Amino acid sequence: MKILLFNPRAAKYKYRIPNSILAVASVLEGRYEYIIVDGNRETDPWPVIEKYLRTEQIDVFGCTVMPGPQLKQAIPLTRRIRETFPEVVTVWGGYFPANHPKVCLQSGYVDYIINGPGEAAFPQLLRTLENSGDIGQVPNLVFLRDNEPVKTVKPPLPDQDELPDLPYDSLNRFYDIGGYLGKTFLGNRTAAYHSSVGCPFTCSFCAVVPVYEARWKGQSPDKIYRHIKYLKDEHGADAIEFHDNNFFVSEKRAVDFARLIEKENMRWWGEARIDTMHGYRDSSLKKLRDAGCVMIFFGAETGSDEVLKKMDKGGTQSAGQIKEFTARLKRVDIIPEYSFVLGLPGDSPQAVMEQIEADIGFIKELKLINPATEIILYLYSPVAVEGSELYSRTRAAGFRYPRTLEEWIAPQWEQFDLRRNPLTPWLTPAMVRLIQDFETVLNARYPTVSDTKLSNWQRRVVRELSGWRYRLNRFSHPWELRLLQSRWLRYRRPEMEGF
Ligand code: B12
């Protein structure tokens, strides 16, 4: 069998190593022939894919799909493959199909879905197709039977050290790896690496939960270091973005890795939980900073302990702890990058608006404690965490997902995916406007450190111009700042485009 692996374009995104399809390629290496097409590196991927399908006897089209802009390529392309090359089997993997299997499979042009890790599932699917075996025996799979999705068993997460190394040399045959190592505020040649899967927590707004169900497994520090060292020595990487959902689950793993990477003089970033890292010793935080860890992404979510409960945030996270931890990170010079989820359902429209205003006030408090704190604002975009109070409340309020894949790429739903306008029945335009106006004023008052093209005086100008609005909470219709950000600064938002 011959496989074509496709990574759809992720908006105007600086290229990063496509770890989703590279992880899949790692288990095909030496067993199946495969071709990689990266939508981030093709002006128009269709002619490239069409030519391979016409000339290379491709049996399986494998596509990774997360919500948002990637859908705009994944959906029309897969449909066109079904129309033009009906004999080709189509397989989707990643967070979108894993969270929305029914609408994908009932489209008629997605045959199978890999629901979670693909390293064991995909080769077994291929063997089963080759031998006309029982599809129901393939793990981590979703397929249609009598027009209804059937989910197969989810085995325990594999030991990440036993998984094969990523086939960078094979990727290099298709796309120069150097082109994936972009300039960011972390470094001139920033590599993306994924060293663990899943997350031990079950926050009811997070799409990782239905897939990994509070399971987490990580590579050993030695394996991570070996891969990073390869990217540094062979391809000149000088910085790392760890794309794990939760890199810092284990203090020992993180600190042991820091000890290994310290001598390489690389700067790095990763994602973590506030309560987990507030449990770290001061010496551990210092070791991480000394080893180049300059910024860490955290889900702060809200300044309300009651709302944290509603979100099933779990652990010990609280508003008080967030403030304490923000001050701790300032002392060790690690930049906290906090994402907030605003606009959850409330008992009344007034309650929803009051919570938004309270979270705005809380964010301003954090900025007083540590002005370097980076803030990312998301609007709550429902994820089907079945059985969670939040999702039942969301459904009860009348929220419904699109019924077809074509509807998912309608403009209003792209904004949904980008967590910009979630189409949730309780959120009024005035609430969305307040959040987006505040975001504009905040980004002017404290432009992100990650937008490396901004000069100091540009930063000073927007900071001065936005001061009165920020101090006096006069966020409404900040058109002058919006104009400056879009026309003069061409302001970059890391949550949309990566660093
Ligand atoms: C890198 C990344 C990006 C990159 C894009 C990368 C790209 N594809 O080119 C950037 C920064 C652009 C990005 C943007 C966004 N992202 Co993003 N992103 C990630 C991140 C951090 C890593 C993905 C990755 O490489 N994982 C490593 C691989 C190995 O894991 P994997 O993808 O799960 O793949 C495994 C399995 O799923 C399966 N599999 C996956 N695909 C396939 C395909 C086949 C054929 C097979 C057989 C198997 C298979 O096998 C793989 C190996 O086990 C994930 C979180 C995460 N840790 O996964 C979020 C994540 C996918 N992103 C998310 C979101 C929401 C977005 C944004 C919409 C955010 C925003 N508001 O703007 C934007 C979208 C805009 C856009 N630009 O497209 C969410 C999706 C949530 C959801 N509702 O489904 C995630 C889960 C983060 C989160 N915790 O919420 N993102």
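The values are calculated or read from the model by the stated rules, or taken from the named source; none is laboratory data. Only a predicted model underlies this, so the values are computations on that prediction, with no experimental measurement involved. Here the Cβ positions follow ideal geometry from the backbone for every residue, glycine too, while neighbour counts run over all protein chains shown. The protein model used for the area step is the full one, side chains on, heavy atoms only, and it has no ligands, DNA or RNA in it. Shrake-Rupley method; radii C 1.70, N 1.55, O 1.52, S 1.80 Å.
How much length would be gained if the chain were fully extended between R127 and S392, taking 0.36 nm per residue of separation minus their Cα-Cα distance, in nm to one decimal? Here the answer is 91.4 nm. For region 100-200, GluC sites (Glu not before Pro) are listed when DSSP marks them as loop and at most 15 other Cβ atoms sit within 10 Å of their Cβ; the list is E162. Compared with the direct C-alpha span, the chain from D161 to T84 gains 23.7 nm at full extension, assuming 0.36 nm per residue.
Grab the other residues whose beta carbon is less than 12 angstrom from that of H477, score K and R as +1, D and E as -1, and report the net. Please list the in-between numbers first.
On the way: positive: R433, R469, R474, R482; negative: D437, E480.
Counting the neighbours of H477, the net charge comes to +2.
Could you point to the residue in W457, N19, Y32 farthest towards the positive end of the chain's charge dipole, with +1 and -1 charges on the Cβ of Lys/Arg and Asp/Glu respectively? Final value for the positive-end residue is W457. Identify, among P117, S107, Y168, the residue whose Cα sits farthest towards the positive end of the charge dipole of the chain, taking +1 on the Cβ of Lys and Arg and -1 on the Cβ of Asp and Glu, with the dipole about the Cα centre. The listed residue farthest towards the positive side: Y168. Only the Cβ atoms of Lys and Arg (+1) and of Asp and Glu (-1) were treated as charged; on that basis the dipole of the chain about its Cα centre amounts to roughly 1580 debye. Which pairs in the list K232/K287; K263/K367; K287/K367; K72/K310; K310/K453; K364/K453 are over 30 Å apart, alpha-carbon to alpha-carbon? The pairs that break the limit, which is 30 Å between Cα atoms, are K263/K367; K72/K310; K310/K453. With a Förster radius of 51 Å applied to the beta-carbon distance between L465 and E148, the computed FRET efficiency rounds to 0.35.
Here S250 and T316 are evaluated by their C-beta separation; at R0 = 22 Å the FRET efficiency comes out at 0.85.
Extension gain, E354-K51: 0.36 nm per intervening residue step, less the Cα-Cα distance, totals 103.5 nm.
Distance from the C-alpha centroid of region 346-399 to that of region 443-492: 24 Å, rounded to the whole angstrom.
Per residue, how many Å² of accessible area does the chain show with a 1.4 Å probe?
Details: 20450 Å² over 499 residues.
Computed with neighbouring chains in place, this is 41 Å² per residue.
Per atom type, region 2-151 shows carbon and sulfur on 48% of its accessible surface, probed at 1.4 Å.
Please state the shape class of region 2-151: rounded when a/c is under 1.5, otherwise prolate if a/b exceeds b/c and oblate if not, all from the C-alpha gyration tensor. Rounded shape, in that the Cα axes give a/c under 1.5. Thinking of the chain as a set of Cα atoms, what percent of all their pairs are more than 40 Å apart? Result for the distance tail: 21 percent.
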